[in-house]
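Reading through the structure tokens given below for one structure.
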Amino acid sequence: MRKNLIQKFSEEEMGMNSDLLNDFSHAFSSYDINAILDLLHDHGRFFKGLNKGKAAGVFHKMIHGPKGVKSRNSFKYNRGISLDIFPGQEVLEIRCYNESFDDDSCFDFEGFRGPKFGDPIVHSKNEIIYRFVFRYFEYKIFDLKMAQKAVENSQIIISKN
């Protein structure tokens, strides 16, 4: 018997899931691994089947490792829809890069908007891109993986969810 791959959520669940996504992005950008772990379900599976304790090590490396996000001075958050892992689930794209903030950049409004969802990596800015896709259970993140195929968040897709 085949299970449904796409799950429809109530308005309340969508709101709570969106809050979890926002809390995750704030914890990640503030380098707060304990806050990230508080959002994860105790019995969940993360990345490639890791438990919560092992996932802590992965987050530590992403943040504090030799090529970690802590060495970047700019973050850009975009949202999209997963096409491969958990199809239809929202994807949180976190783009971390080094931005030059000199006097001339105050007038470069394109630079402040940052890259759009799915744009290629910008090697000249030493950019790192993470595309997280989540599943939720009991108002916690129960499953977290890295999306490979995703599209920009479309209001048409969301309205049909």
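The values are calculated or read from the model by the stated rules, or taken from the named source; none is laboratory data. This structure is a prediction, so every number in the text was calculated from the model and none was measured. So basically every Cβ, Gly included, is an ideal-geometry build from the backbone, and we count neighbours across all protein chains shown. Just the protein is used for accessible areas: all its heavy atoms, side chains included, with ligands, DNA and RNA removed. Shrake-Rupley method; radii C 1.70, N 1.55, O 1.52, S 1.80 Å.
Key figures
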{"quantity": "Loop sites in region 39-105: trypsin sites (Lys or Arg not before Pro), DSSP, at most 15 other Cβ within 10 Å", "calculated": "Lys48, Lys67"}
{"quantity": "Extension gain from Ser30 to Phe47, taking 0.36 nm per residue of separation minus the Cα-Cα distance", "calculated": "4.0 nm"}
{"quantity": "Debye equation applied to the C-alpha atoms of region 14-108, log10 I(q)/I(0) at 0.11, 0.16, 0.18 Å⁻¹", "calculated": "-0.40, -0.79, -0.97"}
{"quantity": "Area accessible to solvent at His26, 1.4 Å probe radius, in Å²", "calculated": "110 Å²"}
{"quantity": "Cα-only Debye scattering, region 9-70: base-10 log of I(q)/I(0) at q = 0.24, 0.28 Å⁻¹", "calculated": "-1.04, -1.18"}
{"quantity": "Long-range amide H partners of Ala150 with built H, under 5 Å", "calculated": "Leu83"}
{"quantity": "Computed accessible area, Leu92, all protein chains, 1.4 angstrom probe, square angstrom", "calculated": "0 Å²"}
